[in-house]
Structures are given as C-alpha cells and as structure tokens.
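A short write-up of the structure that comes next.
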Amino acid sequence: MQQLALDIGIESGPSLQNFLAGPNQDALSHLLLWTAGSTRSPVPIYLWGESGSGKTHLLEGVRRELRGQGAKLGWMDASIAEPPPFDESWSAVFMDQVHLYTAVQQHMAFNWFVNAQALQRGVLAAGELAPVQLKLREDLRTRLGWGHVLGLQCLSEPERRAVLRQEADARGIFLSDEVMSFMLNRFSRDLGSLMQLLDLLDKYALKAQRGISIPLIKAMLESM
C-alpha cells in the first residue's frame, strides 16, 4: 500500500528534547553531552542510517541548541547546489545528506572540513550509508569516518505503536488499534512524520468536536 507524506510542520521544530530515541539513545546522549559542554571536542561526528532513522532531526536539534547559545553555524545539505565558502565566525559546520553530494558539494564539504579542523571547530555530518560505503571523493570519505561514527536505527513497528500511544495519552487522545494501523500503513512511518500527523489530527478533531477515527482522518485529508 502506498504511503502518503504530508507537507505539514511541527510548530516547535526538531530539537534534541523532542527526539524519540528508542534504540538510538546512545547517539542522543552523545549529542546532548557534546552540545552541553563549554569546551566541545573538535573530533567530528558522523551519523548514518536509513531514511526515517532521525539523522536530520538530530542535526537540526544540535543546530538549534547551539544557535540558542548564540553560535554562528554553517549548514549544507543536498538541496544547496552552491554552498558558501567556509566562514571563520562559524563555531561548527553541519553537512546533511552527504551520500547525495555532487562534485561541487563534495569539494566545498572537504573545504569546510579542513578549515573547521584547523580552527578546532565542530563538524557534524550525516548520510544514509556508513563511511566505508559512501560514493564520495576519498579524502572526504575518510575524514567523515575517522571521528565518532554513530549508526542509527528506525524504530520497530511495536516501538512506533508504543510511541504513538504514549504521545496520544499525553495529549488526552484515544487512538484505537485500528486507527494506529491505518496511520502506520497509509502514512510515512518515520517518527517525525507520525508526530506531525498526530498534531494535525489533534487540532482537526478538536475543531470538529469528534474523536479520532478513520473517517475523521479521511475527512481531514479531503479538506487539505
């Protein structure tokens, strides 16, 4: 069955605090310690795992924490065709979706990496593949792999159901097993998307003054 991806946003945005870790608790704990330190290790951090495992959420969560501390930061992902040159005012650089980088992006990513390391600045990167499997220029690939390499896993279906139930209970929402099965089978299964869907359903059900059911979900989709 085809899964639907909803173009809806979470008002609070991705953060380390609202990341639902599951089997990725060690990676979350590492990043929490790194962001909390007054003197951060310049050893690079590379997150890898399949789509939906939470890589971008964690990178954006760290970026949010550092911005809250007043830091200036560099960000690059596959959608930025011509990344800017390295800025010495940056406290750290973030490189997301590295497995998709073009030759131009790889060249700039290597430049960012070298400059950040020379100035003892943080480097946080993420991709869907382990460093040894990345189809990147060798000097960039090896640098991504020499620091802390943290593998992420997607939550299992029972874990997703438990998270949905916990979040629904916290909101005072009843989700039947039938509704949860519909949500997991018809929509993107990554936790960020599921939490966005639950947020949207909560608001729509409150406005309609109805409980969350499959007919209500279908009515919400028709109204979008």
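Quick rundown of the values:
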{"quantity": "Selection within region 142-166 - of a type in the set (Asp, Glu) and without any contact (Cβ under 8 Å) to a residue 60 or more places away in the chain", "calculated": "GLU157"}
{"quantity": "Residue that is surrounded by the most Cβ atoms within 10 Å (Cβ to Cβ), among those in region 51-70 that are assigned to a loop (DSSP other than H, G, I, E, B) and more than 11 Å from the chain's Cα centre (by Cα)", "calculated": "GLN69"}
{"quantity": "Region 114-148: number of residues that are in a strand (DSSP E or B), hydrophobic (A, V, I, L, M, F, W, C) and within 13 Å of TYR101 (Cα to Cα)", "calculated": "2"}
{"quantity": "Number of the condition not met by LEU129 [criteria: (1) touching a residue at least 24 places away in the same chain (Cβ under 8 Å); (2) of a type outside the set (Lys, Arg); (3) under 20 Å from GLY37 (Cβ atoms)]", "calculated": "(3)"}
{"quantity": "Residues being loosely packed, with under 13 Cβ neighbours inside 10 Å and either over 23 Å from LEU152 (Cα atoms) or among the aromatic types (Phe, Trp, Tyr) (or both) - total across region 175-207", "calculated": "6"}
{"quantity": "Subset of region 86-112 (residues that are touching a helix residue (DSSP H, G or I) at 6+ places or on another chain (Cβ under 7 Å) and surrounded by fewer than 21 Cβ atoms within 10 Å (Cβ to Cβ))", "calculated": "PHE86, SER91, GLN106, PHE110"}
{"quantity": "Total residues in region 167-184, condition assigned to a helix (DSSP H, G or I) and in contact (Cβ under 8 Å) with a residue 24 or more places away in the chain", "calculated": "8"}
{"quantity": "Only one of LEU73, LEU124, LEU119, LEU134 that is assigned by TED's automatic domain parsing to the domain that holds TRP48, under 15 Å from LEU47 (Cβ atoms) and over 16 Å from the mean Cα position of the chain (by Cα)", "calculated": "LEU134"}
{"quantity": "Filtered residues of region 188-213 (kept if touching a helix residue (DSSP H, G or I) at 6+ places or on another chain (Cβ under 8 Å), part of a helix (DSSP H, G or I) and over 27 Å from THR56 (Cα atoms))", "calculated": "TYR204, ALA205, ALA208"}
{"quantity": "Test: residue in region 11-31 that is among the polar types (S, T, N, Q), within 23 Å of THR142 (Cα to Cα) and not assigned by TED's automatic domain parsing to the domain that holds LEU164", "calculated": "no"}
{"quantity": "Meets criteria (under 21 Å from the mean Cα position of the chain (by Cα) and surrounded by 14 or more Cβ atoms within 10 Å (Cβ to Cβ)) for ALA81", "calculated": "no"}
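The values are calculated or read from the model by the stated rules, or taken from the named source; none is laboratory data. No experiment lies behind these values; they were computed from the predicted model shown. For neighbour counting, all protein chains shown are included, and Cβ atoms are generated from backbone atoms with ideal geometry for every residue, glycine included.
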